[in-house]
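Undergrad: Sharing a structure, written as structure tokens. Questions coming.
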Amino acid sequence: MIEEQHLDHNATPEPVKPRYSNLSFHGQGSTYFGIVALNVVLTLVTVGLYYPWAKAAYRKYLWNETEFKDSRFVFNGTGKEMFKGFVIAYFIFIGFYASLSLMALWTYAWIFIILFYILLIILIPFAIYGTWRYRITRTSWRGIFFTFEGNFKEFLKIFVPQLLLTLITFGIYASWMRVKLMKYLFSHTRIGKIRMDFHGDGASFFGINFVGILLSYITLFLYSPVWIKDRVNFTINHTSLNDGEQQRYLRSSLKSGEAWKTLMLNFVMLVFTLGLAFPWTLMRTFRMYFRNTWVPDEFDFDNLEQSEGDFRGATGDEMGDIIDIDFGF
Amino acid sequence: MKAVYFDGKSSKPYLVTVVRSGGGLVISTPESTEINAFWNSEEIRTESFATGKKVLLSYGEFPFQRLELTGEGVDVFMKEVLQNESFVKKYQHTITRTSPLKLVFGSIAVLGLVIYSYIFHISPYIGEQAVKLVPLSVETKVGEVMYNNMSYIIDKDDAKSDLLLEFFDACGFQSDYNIRIDYSKNNMVNAFAVPGGQIVVFEGLIRQTECWDELAALMGHELAHVNERHSFKQLARSITGYLLLSVLTGDVAGVSSVILENASAINDMANSRKHEKEADMVGLEYLKQSKIRPQAMIDLFKRLMEESGEEEITEEIGSSLEYLSTHPLTTNRMDYIRDWIDGDPAFNYAHTDIIRAQEIWLQLKDQAADPLELKVIKKIKEKIKEKLDEEEEETIEQ
């Protein structure tokens, strides 16, 4: 298998018809359920403090069961690293509820509530940026770590006007905002010299969401799986890889029929097991997404080079450790 | 063992043979000298945690070397490697090799047990312990807020409230709290206690009582709620229960979390019934201290039952109704109170009639009564007069 991957693309001067390899997912519901069981027990015993370690365990499992070209992905993050983000979220949560209860005792406590809402809004860009950065820099494949070269100030310069536009338009602009943020995050992500990029446009994404929401309501949500499929395909089909010599797009082969069958059966499974089937439905969903995600073969995946410096160090990012957090609310 | 090796510098896969020797692994490419590495057993880390035969190990400082092992002999080898790892890592590896059926039933059993003991034992315990740390002044403050929020239904009668407080003092009840009593002009047959010493008695209930000591029994019961900090404990328990469940619901999907929350709510009711029973018992103790007739408490519940029509309901639905109620069934309460009184010789004391309390009750009952009931009151008045006369005679004789 491994030998077959050496593609000799320099030998053909004419552009060849691209070949693709798909990702695959091998996770099993029962194993995931076993992880959930231990996590729940340890979370309860530690009055919730184990939660970041639980999150690390879920991720490690999901990453380890994802395969590309015979090699599994690895999540290199730890509960200890995520504990910081968790403590921040924990205090916000407790602070917020404390102010709510204070409101009953003290008339001016609403000032705190408003402050908390403002704090939450300020935290949104940190959360989006930090979460992406954290996940990307802690992911490796064949020992090679993904690299993120974004700059938080740059990100904020995009984020703030986009958020304002979204607020002014009562959320209509959200589709454009999402595309802009994805463009920024994707285009600053690479593995070896292969850099990601995103080329979706807000208008098409808005169209998908507009039709999706409308038809979902009309069909009493029977259309929702198709809408989800459209969103996934939009994201994947507009994502490109570039190694400095060529640019190729990812492809999604997810069809409405498969999405509908998988997601509807998931729904039925959840209803009939009172939600206990969630490890299985989660695995089914991942399996569906990954086997339909195709990566062009023209890149030299056997010779990706490790970036210099430790993956834990910040590159081109003076905010450094402060935003090296993973919220994942 | 055959394996694929990655040197950490590039993604190039090397097919290698792995031999265990000298407390570690010797890794080498079979037909060339490209790779020749030694991994010390004690520093090998397991990275993978996946189903199937594939195992991923890593070694050294960044950039980490990695090794993907497949095929025969891996599981035996893993046992050795895992000896240095934590319990969690051992568990994680084991579950990828356990049969699904075993795993599912095992998990359900463990989860069920832990969540059950959490909801029914651990979280209530934490809640009640937390209450002990809260000073009386804070509890009183919280109580005031709760009271202010419901004051609109109370419709207080100031003069009669003062009388109730006098009644309370005349009975000789005592508390660390500053007891305040409201007489509500509302017709509900009810009474309740708010944390911090506020008691509210509704006119409807006073109208139901047929003897002064029934009102005393009621006061004893509500005072027990205050002194034992029942409502405050209840509040603390709900909060601790809710806080942890909300952490869990991130993991345990939608419908399950609804079930958990309801289990918690039902447990709150069970707990509330426990508090009611405790208040009955402690209230009875107060009656004993003041030498008031303990059977008055049974009489009180008899009045309540007549009013609520509970007897007919339980006859139809059965006593399973109790599980969904914040109070024990009145018939059960009367039974256990009777058992306590009969079972404890300490309750065989001579009853005192507290005259001032009787007078106040009469006055309140008089003003609260329906015209139809006035006849009853007249009779009672006559009886009391007779008694008073007798007592006077007695004192004269002495």
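Undergrad: Around A:Val268, with a cut-off of 13 angstrom between Cβ atoms, what is the net charge of the other residues, counting Lys and Arg +1 and Asp and Glu -1?
TA: After counting each charged neighbour, the total is +2.
Undergrad: If you don't mind, another one. Only Cα pairs within less than 10 Å get springs; with that Gaussian network setup on chain A, which residue of A:Leu220, A:Leu276, A:Leu254 has the largest fluctuation?
TA: A:Leu220
Undergrad: For the charge dipole of segment B:7-80, defined by +1 on Lys and Arg C-beta atoms and -1 on Asp and Glu C-beta atoms about the Cα centroid, which residue among B:Val76, B:Phe38, B:Ile27 has the Cα displaced farthest towards the positive pole?
TA: B:Val76
Undergrad: Given the options A:Val87, A:Trp110, A:Val211, identify the residue whose Cα lies farthest towards the positive end of the charge dipole of chain A (+1 on Cβ of Lys, Arg; -1 on Cβ of Asp, Glu).
TA: Result: A:Trp110, furthest along the dipole toward the positive end.
Undergrad: Now, a different point. Arranged from highest to lowest average of other beta-carbon atoms within 10 Å per residue, in what order do the peptides B:90-97, B:342-349 appear?
TA: B:90-97, B:342-349
Undergrad: Got a sec? How would B:Glu43, B:Glu144 order by Cβ neighbour count within 10 Å, fewest to most?
TA: Least to most surrounded, the residues fall as B:Glu43, B:Glu144.
Undergrad: Per-residue HN-Hα couplings for segment A:195-212, Karplus 6.51 cos²θ - 1.76 cosθ + 1.60 at θ = phi - 60°, whole Hz, x for Gly and Pro?
TA: 9, 8, 7, 9, 10, x, 10, x, 5, 5, 5, 4, x, 4, 5, 5, 4, x
Undergrad: Apply the Karplus curve 6.51 cos²θ - 1.76 cosθ + 1.60, θ = phi - 60°, to the phi angles in segment B:54-63 and return the couplings in whole Hz, x for Gly and Pro.
TA: After applying 6.51 cos²θ - 1.76 cosθ + 1.60, I find 8, 10, 10, 10, 9, 8, x, 7, 5, x Hz.
Undergrad: What shape does segment B:96-166 have by the C-alpha gyration tensor, where a ≥ b ≥ c are the square roots of the eigenvalues, rounded means a/c under 1.5, and otherwise prolate means a/b greater than b/c and oblate the rest?
TA: prolate
Undergrad: Okay, next question. Classify chain A from the C-alpha gyration tensor, please: rounded if a/c falls under 1.5, else prolate or oblate depending on whether a/b exceeds b/c.
TA: Verdict is rounded for chain A.
Undergrad: Here is a follow-up. Relative contact order for segment A:148-301 using alpha-carbon pairs under 8 Å, separation at least 6, rounded to a whole percent?
TA: 17
Undergrad: Something else now. Residues with amide H under 5 Å of B:Ile35's amide H, sequence separation 5 or more or different chain, H placed in the peptide plane at 1.01 Å from N; which?
TA: Those lying under 5 Å, H to H, from B:Ile35 are B:Thr29.
Undergrad: Can I ask one more? Please compute the contact order of segment A:16-159 in relative form: average sequence separation of alpha-carbon pairs under 8 Å and at least six residues apart, divided by the residue count, as a percent.
TA: Answer for segment A:16-159 is 20 percent.
Undergrad: Continuing with the same structure: Hey, fewest Cβ within 10 Å first, where do B:Glu128, B:Glu31, B:Glu391, A:Glu65 land in order?
TA: B:Glu31, B:Glu391, B:Glu128, A:Glu65
Undergrad: Still on this structure: Once a ≥ b ≥ c are taken as the square roots of the eigenvalues of the Cα gyration tensor of segment B:2-85, is the result rounded (a/c under 1.5), prolate (a/b larger than b/c) or oblate (a/b not larger than b/c)?
TA: Cα axes put segment B:2-85 in the rounded bin.
Undergrad: Using label points projected 7 Å from each Cα along Cα→Cβ, tell me how many nm separate B:His327 and B:Glu306, to one decimal.
TA: 1.6
Undergrad: Further, regarding this structure: Taking all pairs of distinct Cα atoms, average 1/r, flip it, and tell me the Kirkwood hydrodynamic radius of segment B:86-214 in Å to one decimal place.
TA: Every distinct Cα pair counted, the radius reaches 19.3 Å.
Undergrad: Let me ask something else. Starting from the alpha-carbon convex hull of segment A:161-313, give the projected area averaged over all orientations, in nm².
TA: That works out to 12.3 nm².
Undergrad: Compute, for segment A:192-281, the length of the dipole vector about the Cα centre, with Cβ point charges of +1 (Lys, Arg) and -1 (Asp, Glu) only. Units Debye, rounded to 20.
TA: Computed about the Cα centre, the dipole is about 160 debye.
Undergrad: For A:Lys193, which sequence-distant residues (separation of 5 or more, or a different chain) have an amide H within less than 5 Å of its own amide H, given hydrogens modelled in the peptide plane?
TA: Answer set, sorted by chain and number: A:Glu305.
Undergrad: Once amide H atoms are placed 1.01 Å from N in the peptide plane, what residues at a sequence separation of 5 or more from B:Gly172, or on another chain, have their amide H within under 5 Å of its amide H?
TA: Result for B:Gly172 returns nothing.
Undergrad: Then there's this: Could you tell me how far the Cα centroid of segment A:116-189 sits from the Cα centroid of segment B:178-231, in Å?
TA: Comparing the Cα centres of segment B:178-231 and segment A:116-189, I get a distance of 59 Å.
Undergrad: While we're on this one: For a quick check, take a GNM of chain A with Cα springs below 10 Å and name the residue from A:Gly202, A:Gly130, A:Gly77 with the largest mean-square fluctuation.
TA: It is A:Gly202.
Undergrad: Scan segment A:199-303 for chymotrypsin sites (Phe, Trp or Tyr not before Pro) in coil per DSSP, keeping those whose Cβ has at most 14 other Cβ atoms within 10 Å, and list them by number.
TA: Filter output for segment A:199-303: A:Phe221.
Undergrad: If you take the beta carbon distance between A:Glu149 and B:Lys156 as r and set R0 to 56 Å, what does 1/(1 + (r/R0)^6) give as a FRET efficiency, to the nearest 0.05?
TA: Once the sixth-power term is evaluated, E becomes 0.20.
Undergrad: Take the alpha-carbon centre of segment A:24-41, take the same for segment A:233-273, and report the distance between them in whole Å.
TA: Centre-to-centre distance over Cα atoms comes out at 23 Å.
Undergrad: Could you work out how far apart the two model spin labels at A:Leu220 and B:Val19 are, taking each label as a point 7 Å from the Cα in the direction of the beta carbon, and quote it in nm?
TA: A separation of 7.0 nm, rounded to one decimal place.
Values quoted throughout were computed directly from the atomic coordinates according to the rules given, and no laboratory measurement underlies them. Quick caveat: nothing in here was measured; it's all calculated off a predicted structure. With ideal geometry, Cβ positions are generated from the backbone for all residues, glycine too; neighbour counts draw on all protein chains shown.
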